[in-house]
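Here's the structure we're looking at; comments come further down.
The values are calculated or read from the model by the stated rules, or taken from the named source; none is laboratory data. As the structure is a prediction and not an experimental result, all values here were calculated from the model. Don't worry about glycine lacking a Cβ; one is built from the backbone with ideal geometry, like all the others, and counts go over all protein chains shown.
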Amino acid sequence: MNTPNQNSSLSALWGFWPLLAVYVGIWLVGNALLAVALYHGGLLLGMWRRNFQPRSLLQGWSGREGLGMSLLCMGTWPLVILLWPWMQLGGLDLSAELEAWGFSNFWLTAGFIVYSLTLHPMLEEGFWRGVMPKTWLTDLQFAAFHVLVLIKWVHWPWALLAGGVLTAASWIWRWYAERKQGLSIPVLSHAIADLALILALPWMMPA
């Protein structure tokens, strides 16, 4: 894979930047788009510092394994729909939260969805599986900032359970990246997981 080797990976301290981005953007300012901008800006800077090679995003494909991972990630869709009534915090109005963040605008929402299914998984995989240290700490850091987002919407035991699933997902994606010497399987299956969550959103809104 045309990404830096273990010795030239970023410092593990870079893995705390997403936590700071989420804390400032969502918890302090209350603006999800600011959180995304800060987060992705940090990812791009880290990838630039380690001379990340974008062609690695297209390398390492295996049809059967890629399809299997994608189907597994699509399973997030019915699972979230099934569990959401028990997961969500009491009194949560997710549609109002999203509207307050500007997602009542059709073009903004459509653009964000396209971005989430294309550039977002490329940036995350390029950073977390491309230039970060290939360790369990990186997997935990990947999960941790997602948990910091989730606790705004779901009860903390569910957020921690989701953190465990995300840690495992990060390890699997890292394993594929190293085994296949490329990021194409992690990128596609990551995009499918994001699509599954987007498809679940209508069932997560109040009737």
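Just a few scattered comments:
- Qualifying residue in the stretch 104-119 (condition: more than 22 Å from TRP153 (Cα to Cα) and among the small types (Gly, Ala, Ser)): yes
- The one condition in (1) surrounded by 13 or more Cβ atoms within 10 Å (Cβ to Cβ); (2) over 22 Å from ILE192 (Cβ atoms); (3) more than 16 Å from the chain's Cα centre (by Cα) that GLU65 fails to fulfil: (2)
- Looking only at residues of the stretch 26-45 that are farther than 17 Å from SER116 by Cα and modelled with pLDDT of 95 or more, we find that the one that is surrounded by the most Cβ atoms within 10 Å (Cβ to Cβ) is ILE26.
- Boolean, ALA110 is over 19 Å from the mean Cα position of the chain (by Cα) and among the aliphatic types (A, V, I, L, M): no
- Index of the failed condition, LEU79 passing every other in (1) farther than 22 Å from LEU119 by Cβ; (2) crowded, with 16+ Cβ neighbours inside 10 Å; (3) free of Cβ contacts under 8 Å to residues at least 12 places away in the same chain: (2)
- Cβ-Cβ under 6 Å pairs, at least 6 apart or on other chains, the stretch 161-179 side in contact (Cβ under 8 Å) with a residue 12 or more places away in the chain and within 17 Å of PRO133 (Cβ to Cβ), far side among the basic types (Lys, Arg) and crowded, with 20+ Cβ neighbours inside 10 Å: TRP173/ARG129; ARG174/ARG129; ALA177/ARG129
- Neighbours by Cβ (under 8 Å, 6+ apart or cross-chain): first from the stretch 43-60, over 17 Å from HIS190 (Cα atoms); second hydroxyl-bearing (Ser, Thr, Tyr) and surrounded by 15 or more Cβ atoms within 10 Å (Cβ to Cβ): ARG50/THR3; ARG50/SER9; PHE52/THR3; GLN53/THR3
- None of TRP61, TRP77, TRP48 is under 16 Å from MET204 (Cβ atoms), modelled with pLDDT of 95 or more and either aromatic (Phe, Trp, Tyr) or not in a helix (DSSP H, G or I) (or both) except TRP77.
- Residues in the stretch 166-202 that are of a type in the set (A, V, I, L, M, F, W, C) and over 20 Å from SER116 (Cα atoms): ALA168, TRP171, ILE172, TRP175, ALA177.
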